[in-house]
Each structure stands twice: as structure tokens, then as C-alpha cells.
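The values are calculated or read from the model by the stated rules, or taken from the named source; none is laboratory data. Bear in mind that the values here come from a model prediction, so they are computed numbers and not experimental data. Please note: Cβ atoms are built from the backbone with ideal geometry, for glycine as well, and neighbour counts cover all protein chains shown. Please note that ligands, DNA and RNA were not included when accessible areas were found on the heavy atoms of the full protein model with its side chains. Shrake-Rupley method; radii C 1.70, N 1.55, O 1.52, S 1.80 Å.
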Amino acid sequence: MPSLSPAEAQSRAAAVTVRSYDIELDLTAGDETFLSTSRIAFGATTGSTFVDVKPHTLTEVTLNGRAVDVTGLEDGRLPLDGLAADNELVVTATMSYTHDGEGLHRSVDAADGKAYTYAMSFLDAAPRIFACFDQPDLKAPYKLVVSAPRDWIVLGNGAATQTGPGRWELIETKPLSTYFSTLVAGPYHLIRGEHDGIPLGLACRQSLAEHLDREAEDLFTVTGQSFDEFHRLFGYRYPFGEYHQVFVPEFNAGAMENPGCVTFRDELVFRSAVTDHERGNRARTVVHEMAHQWFGDIVTMSWWNDLWLNESFAEYMAYRVAFDATRYTDNWLEFAFVRKWWGMQADQRASTHPVASDPDKDALASLADFDGISYAKGAAVLKQLVSYLGDDVFLAGVRAHITGNEYGNATLADLASKWTAAGATDLDRWAEGWLRTPGLDTISAERTATGVRLTRTAPAEHPARRPHRFTVGAYHESGLGSTVEVLLDADTVDVELDPAAALIVPDAGDDTWAKVRLDEQSLANLGTVLPRLTDPVTRAVVWNSLRDAAENAELDPRLVFDALCAALAHEDTDVAVQQLLGWARRTLLGGFLPVEPYTAQLAAVLEERLPQLAAGSSVQLAAARGLIAVTADTDLLTGWLAGDDVPDGITVDADLRWLITLRLARLGAIGDAEIDAELARDKSSEGSVHATRCRAALPTAEAKERAWALITTDADVSNYELYAACEGFWHPSQSEVTAPYVDRYFAEIAGTEKLRSGWVLSRSVLLAFPTGFVDDAVVAKATAIAADESVSAIVRRSISDGADDLKRAVAVRQAFSI
Ligand SMILES: [Zn+2]
């Protein structure tokens, strides 16, 4: 299906003015389809255009009372001819419920058989729900009427009122873009609240009700604190009436910023114990979506090429506001350890792109840029911009942008002009290096006779001259030291710092976007000084430097592994423990290093550390999960399942049981019967997904064939079940049983574009990539498909990213003869 091009969007926006949408949806027509009537009032200065609609059956269309030939529908577009200055279009259609998280998704809860629906219109899915002019810059007010089963509730962008049994009317909204129109309908559990005159709601499936009840106070508190802070920062009150936050099943993204009715993935309700880090992540997701209410929803990008601005802004604001206004304190540590690491990898791949992406990309191609560059790099760059402009100028520009473009659309150029009006200078030069050039500089430190010399090197393939403002730290063996602020706006800058310091760390506060390299002397002293650094953010900067040097084959991964084991003996933040263990499992074990003896060594380190950690602490939970994932001690695992010798402070709850079951399955210590027994204990939808992952992880030919059939042939499987099968399938310890599937992956995976599209296709192709086969021949096969233009762009992008990681592992093993 062709995707809307920017040229098509521009000519339609120039010719069409949408005045209003009146939409009626009937959700009582069975489990497969629903009825949709879209009444669109619009002005036109052209004789013909097209409306977007992707129905199961297009029933009837009238334009100004005249019938339109429904057989004209092709590739989701219905041509409209004979337009008047003012028009009324009525489109009646039967639409299909979806199971891929886009359109009107319908999901049946395995726990109780109750069905739930929610609308996800992003990026081009609105026409799967109702006929519309689907592009961000054709905004209009919406009125929605919904017929639903009588025991359901209905929520949406406008406040909903029940006007009769099963009948709901939503008040007319402010002008909205199609991509954030939504509807939530089902027997949801709803908790109401209020803050500063804004009616609040939290909702989830009935089977999660007790957990949401427990979490409601935390969620309402973060929401209220963030509303206050956004009102203070933007000087503009939240305008969309009620503010609902609904936790919905099988959601692909973390959340979606629909005005007045944000949807979140419902793992965020937390049915089992979580770490403070995970709780902080949820708070930042809440704040992120709230930031979008202003930046994204009140003012919307004109075209998808400014999607980065939406996301970078919301990401930056999420960390800033969560830090300044909520009880969560590890925000910038998480940003350094997790988000920046994600973005730094994306920015070094073949698929890297400038933060501000190509204005000529069509809607679907823009989806591929929805990555660590749009979020993490963009946010880091905005943080640099704040220190470059000063906070007052930054905020004055943002305020003028929101007020000046309310309920309309704007571009980066519009925002830049507001910053310039507020006092910014030389923004063009700044934007050229930071926004329009991909790649990241390397910043290294060298000791001179009297101080420290910093060197900035841009990547040869993407030359740029980027100014960096950050601090440099010099630390003694005690871990104590001092920092100085630097503006690095030349190839080298000399800094007054003690050249005899044990450790010198450029960008010690993690303020810029660059690869940091430590000098030889600092590397030699790391074992002593790193555990003694008191600021965990500086430790994160050092770890990003070590990990990046390993990934670029500059540092022996065995040395990094040793440093990681040593760090686990003293690290006291759950963020570091979770992130370092995750990186070790995904990248070192079976990637840069053989699976053994390193997996056993890591397990031994964790087994020794675990009893030393405070009972019930987040670090203890992170270490326990880490041990479960790497231990081969099946007695320990089955003992924990039975409640034997469980460390004090650890609760073997539903999700931890499944982690243990997954490890036992992977080791071949259990089979289908034990997985079925676990599912009988946990009959929830979550349990079903866990069980699928465990079955795919069994090291038998039969289990792998079953999972492979699901991945490559099952068009009806729900998105979460599919991801779970992909995640369970490969493991470097199972290369014997999975080896035949390497060739099958390259032969069959492109064909899955006939089964799936968009987000689900992109994610499943990447998750199913055979990462553990560190071999030039596999890299060559992946590279060939990534370059094959007969294969869908979405598939090629995911394979290209998988190939990059594999290529890196091959290079590391070669460089260090591993
Ligand atoms: Zn966002």
C-alpha cells in the first residue's frame, strides 16, 4: 500500500480545509468487525481530492448528497470529484478489529474472557477506524458517538457521557490531528481523581484492577506534580478537559500521547515486584506523554520529518520535569546509562541519520527514524541547546511557539525563529552540526606538563564542527576530585586540571553527545578509582566509554568483562546493575566472547554478591533476576520455585516465576508439561505470553519448529505472542539446534511482510535476527538482503541493524583473536 508523500500532503493541505468530523462507531456487531460512519465537513479550492479509508467493506459514500462509486477505492484511497467550496462527505464502512496494536485493537483477556478495545491511530492507522484526511496538518474538531456492549465504558479525546444503555457521546474536541484521535472501549476498571480543576482518570483491564488500585496514588501524584511544573514552565494551561491515562493490552509503544486520553502498555501497571528504576521509568513515561499535550498536540509538526522534534522535546522534558518535580531522582543516571547508550548505538550504525530527518520521506519511511536518534540523541542535543542558549531564552522561545501556533502546525524553522526572537544567535551554525549532520564526535583527554588537553574528532564520514559544553573531572585514588566547565569549540582545548590525577573523565556530568575516550593512565587506574567515584552519573559515563571502546574493537572485551564483574561487587544502583547485566547477556556472552566459561563466571559473581545486598532493595531484585538469567544451577532455580532457600527480601511472584521457568526451559531442565503447569497457576494474558516465550526457548527440534512456524506463517497471532516467540527462539547456548534456522531466516523472513506491517513487522524481523551466529558468512547474507531493493524497506532496515551488531562482534573477535 503506497504511503502518503510529502508532496501529496502539501497539495491536499493547500486545497482542503477540514471543518469537523462527526464519527459514529458501532462496536456491537460481533468480534471481528465494527461499523464506522464518518461525516466530514470540509472546504475545498480544488475540484478533486481523495479521502483515506482502509475498510473491511466500504458500504456507502455520499458527497454533498450524491453517491460516490465505492469501487473507486484503491490502496486505501477513495477519489472524490466535483468538489464544491463547502462539502459534506459521509462514509459508511465495516472495519476490521486488529490484533497488531494499530487501528482499533481488540484483545480478549485470558484471565476472564473479557474483551477490550482501544484505538491507536498513529502513524497512518486512523483510516483503519474511520474515513479521514489522514495527515498531521489537517486538523479539525471531533465529535464521536459510540454504541458498545452495555457493561462497557467509553473514553476518548473528549469527555464521554452515557446517554442511553450502551450509547455514549463524547463532547466536541479542540482541533486535533488524525494520528492522535483515540477511543478506549471495554469493561475497563476506571479510577477517577482530580488535580487543580482537571478531572483525572486511570483505567486498566478488570484482571489488573487490584494492582492499579495499589499504584493509583503514585500515578496521580506524579501526574499532579507534572501538571504544576508544565503550567509553570509553559505559562499555558492544559486545554483538553479531562485527562485519562489508560493502561491497555498488547500496546506496541511505551505509550501514546492522545490528547485527553493517553494510552500506555499495561505492563506498567506492575502486577509483580519491580525496581525503583522501573518505577522511575513509568513516571518518566507519564511525564513524557504529558509534555506532548503541549508539544505535539496543541502545536503539531507539519510533516513527519519533524517527528524527532516531538519526541526529543518530550524526552528531554520527561527527564527534566521528573527530576525537578517528582520524587524520582535517578532520572539523569538512567538517561546516561540506558537512553544514551541506545542512541549512541543507533548513531554508529549504517542506518544512522541526522536528528532532523529528510523532509522528502513519506509517512511510513519516517517510522524507521523513530529510534534512539529521535529520542535520546535529540534529547541530549536539546540539553546542549539549553546550556548554549540559557534556560530563559530556551523557555521564552518554547512559550511563544506554543501560544503562537495553538491548535495548528509548525516546523523546526518556526521554532528556531521564536528562539531567535527570544535572543538566540548563530542558531543556524549550531543546527547544522547538531541537527543536520549524523554521527558523533570522539572526545579524548591527554595529559600535558601543566594540565589536560581535550581533543574533539568528528567521524570522517560525517565531518562537522560541533560546540560541546560540559565538565571534565580529575579524580585521585580516593575517588575525590574536582571538575571544571569547558566549552570545546575547536579541535583541541587546554584545561587547567591536575595532570597527575589518577583518573580524568571528559564530560563527567554527561552533558554532551559524544564518544568519550579515557587515556592509558586513567584506564590503568580504573580498578581502584571507579568503585570510589561517588557520582553514579560519572560512573555511567565511564561505563559508556568502556562499552563503546569494546564495541569498536579498541578494548579487549575480556578486560571489559573483568571490569564488569568487579563493578558488580560494589555497584549500588539498580540502574547500573540492570543495564550492565543486560549488556553483558546481549553483547558479551555468545557475542564478543564465547558463552562459556564467561556465563558461569558471571553467575558465580552474582551468587556471591546476592547475599550481601539489602533485603527487599531494588539492587537485590536486579541482581536476583540477573542470576536467574545466567545460572546453570537447576537445583537453585527449582528450589526458588518451590520456595526453598529464597533470599530474604525476594518474593517469587508471578513474573519472577516466569523468569525462572524461562531459564529452566532454556537449559532443557523442563518441558511442555512444566510450562503448562505454570500456565495453570497464572491463567492471565501475561502468563500466556510468558508461556509462549518459554516454549520457544526449549532446546528441542520440535519446539524450535513450532516457534518458527508461528514466527513465519501465523498471520493471526497477536503482537505480544509473536515478540515472545522471537525472544525465546535464539540463544547462543543452543546453536546446535538452531543452526538450520539461520539460512531459513534469510530465506523466509522477507515473506513475513505478507503477514504483518508497520511496527510489528519491524520489531519481529529484528527480534528474530540470528544474533548469536558470529560469522562472516552470516553477515554477508544479512548485508545482501539489506541491500536488496525488492525486499520491503521495513524488513531491510531491521536486518541492516541486526547485521551491524553481528559485524561488530565478528570484528571484535578477530581483533583480539577470540
Ligand atoms: Zn513521545
Out of residues 5 or more away from N252 or on other chains, whose amide H comes under 5 Å of its own, with H placed 1.01 Å from N in the peptide plane?
none
Do you know the relative contact order of the chain, to the nearest whole percent, from alpha carbon pairs under 8 angstrom that are 6+ apart?
8 percent
Within the set of other residues whose C-beta is less than 11 Å from the C-beta of A576, count the net charge using Lys and Arg as +1 and Asp and Glu as -1.
-4
5 Å is the cut-off here: which amide hydrogens, built 1.01 Å from N in the peptide plane, fall below it relative to S482, excluding neighbours closer than 5 in sequence?
A474
Over the C-alpha atoms of the stretch 588-723, what are the Rg and the largest Cα-to-Cα span, Dmax, in Å?
15.9, 48
In whole percent, how big is the carbon plus sulfur part of the accessible area of the stretch 6-111, probe 1.4 Å, protein atoms only?
48 percent
Quick one: angle between helix 536-551 and the longest Cα principal axis of the chain, in degrees between 0 and 90, rounded to 10, please.
90 degrees
Please work out how much length the chain gains when fully extended from S5 to Y407, using 0.36 nm per residue of separation minus the C-alpha to C-alpha distance, in nm with one decimal.
142.4 nm
With θ taken as phi - 60° and the coefficients 6.51, -1.76 and 1.60, list the Karplus ³J(HN,Hα) couplings across the stretch 190-205 in order, rounded to whole Hz; mark glycine and proline as x.
10, 10, 9, x, 7, 8, 6, x, 9, x, 10, x, 10, 9, 7, 4
Hey, can you grab everything whose amide H is under 5 Å from the amide H of L667? Only 5+ residues off in sequence or another chain; H modelled, so Pro and N-termini drop out.
none
Ellipticity estimate at 222 nm from DSSP helix runs (n ≥ 4, -39,500 (n - 2.57)) divided over the chain, nearest 500
-12500 deg cm²/dmol
How much area per residue is accessible in the chain when the probe is 1.4 Å and only protein heavy atoms are counted (Å²)?
36 Å²
Computed label-point distance, nm, for sites A784 and T57 using a 7 Å Cα→Cβ extension:
4.7 nm
Between D228 and N552, what is 0.36 nm times their sequence separation minus the Cα-Cα distance? Round to one decimal in nm.
112.2 nm
Based on the Cα coordinates of the chain, what is the per residue volume of their convex hull in Å³?
155 Å³
Angle, helix 654-666 long axis vs. longest principal axis of the chain, Cα atoms, 0 to 90°, nearest 10?
70 degrees
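What net charge is computed for the residues neighbouring G626, neighbours being all others with C-beta under 13 Å from the C-beta of G626, Lys and Arg scored +1, Asp and Glu -1?
Numbers: positive: R585, R586, R609, R625, R663; negative: E571, D574, E607, E608.
Counting the neighbours of G626, the net charge comes to +1.
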Candidate lysines - alpha carbon under 21 Å from K515, same-chain residues fewer than 8 apart omitted:
K340, K377, K383, K807
In whole Hz and in residue order, list the ³J(HN,Hα) couplings for the stretch 493-499 that follow from phi through the Karplus curve 6.51 cos²θ - 1.76 cosθ + 1.60, θ = phi - 60°; x for Gly and Pro.
9, 8, 10, 7, 8, 5, x
Calculated on alpha-carbon atoms, Rg and Dmax of the stretch 1-101 in Å:
14.1, 41
If you count only protein heavy atoms and use a 1.4 Å probe, how large is the accessible surface of R813, to the nearest 10 Å²?
60 Å²
Given the whole protein assembly as supplied and a 1.4 Å probe, what does the accessible area of H292 come to in Å², nearest 10?
0 Å²
With Cα atoms, 0 to 90° folded angle of helix 574-583 axis to the chain main axis
90 degrees
Under the Karplus curve 6.51 cos²θ - 1.76 cosθ + 1.60, θ = phi - 60°, whole-Hz ³J(HN,Hα) for the stretch 434-446, x wherever Gly or Pro sits
8, 10, 9, 10, x, x, 9, 6, 9, 10, 10, 10, 9
